[in-house]
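Chemist: Could you have a look at this structure, given as structure tokens, before my questions?
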Amino acid sequence: MTISLYCNCFRDKINKKTEYIQKNLMLGSFSYEKELREKLLNENFIFDDYGHNISNLNKWFGQLTGLYWVWKNTKEEIVGTNTYRLFWGDYFLHNNFKKNTIYIPEKLNLKNYLDNPREQNISIYDQYSYCHGEINLSFLYQLSDKNLIPIKPYMIENLKDEYYMYPYNMFITERKTFNSLCSLLFQILFKFFDSYKNHFDEYEEIYRQSRILDFLAERILHIVYSNIDYHFTNIDIETVSIIELNH
């Protein structure tokens, strides 16, 4: 059993740790100058603007341009991603990989992720609205309500009553399931992008954020994991404690 991990790195954010099965992938590399590319090539980095890619959309998709590249350009039997500061550790050195299983980071209590946490529990919907503005969840709901994406309105509504979230857009699984999960996720994201991209510059000006689809994907994946039987047949979810390093 061989697992390949692709570590999402950026121009100024190179991984601080290397896992035993890791390959380093530079994101948004379509804009890299020749000197930087040559330096990184000598250090065995891979670039997300080769092959079938969306590297030019990195401003809006963030680390998802790496996930997309892995989906479209690799063939390993068991595959996943980590990031320059988030790692799986040695979990898969000491635990047998289970077939028909998606391995994901363990849930986070969202109350700990607001600048001024309130006494009551903080829902996924509250936390997203507080940090990123409510409008994108409203847009997602509109698409769902029109049956334009493969998640149901009640699944989005449930975010208002869920106080822990599966974070980070990281997962490891068998190739067939990896491809199916990526296909589902990017079907939703590209529909959102095509429908509302005219609002993105305004959003960036108001919220001082550009990685709209990166943030939104975390909530979409949470919805998928929380409704796994709706989207997949005979697939289990297993959570793994993640090592987080300050960068």
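Chemist: If Ser144 satisfies every condition in (1) free of Cβ contacts under 8 Å to residues at least 60 places away in the same chain; (2) in contact with a strand residue (DSSP E or B) (Cβ under 7 Å, 6 or more places away or on another chain); (3) open to solvent by less than 10 Å² (accessible area, probe 1.4 Å) but one, which is the exception?
Modeler: Ser144 satisfies every listed condition except (2).
Chemist: How many residues does segment 208-232 contain that are open to solvent by 20 Å² or more (accessible area, probe 1.4 Å) and among the charged types (D, E, K, R)?
Modeler: Of the residues in that region, 4 qualify.
Chemist: Checking Leu184 against (1) touching a residue at least 60 places away in the same chain (Cβ under 8 Å); (2) of a type in the set (A, V, I, L, M, F, W, C); (3) surrounded by 14 or more Cβ atoms within 10 Å (Cβ to Cβ), which single condition isn't satisfied?
Modeler: That leaves (1) as the condition not met.
Chemist: Take the residues of segment 197-207 that are of a type outside the set (D, E, K, R) and in contact (Cβ under 8 Å) with a residue 60 or more places away in the chain: which is surrounded by the fewest Cβ atoms within 10 Å (Cβ to Cβ)?
Modeler: Checked segment 197-207; the qualifying residue surrounded by the fewest Cβ atoms within 10 Å (Cβ to Cβ) is Ile206.
The values are calculated or read from the model by the stated rules, or taken from the named source; none is laboratory data. This structure is a prediction, so every number in the text was calculated from the model and none was measured. When we count neighbours, we look across all protein chains shown, and the Cβ atoms used for this are built from the backbone with ideal geometry, even at glycine. In case anyone asks, the SASA skips ligands and DNA or RNA and just uses the protein heavy atoms, side chains included. Shrake-Rupley method; radii C 1.70, N 1.55, O 1.52, S 1.80 Å.
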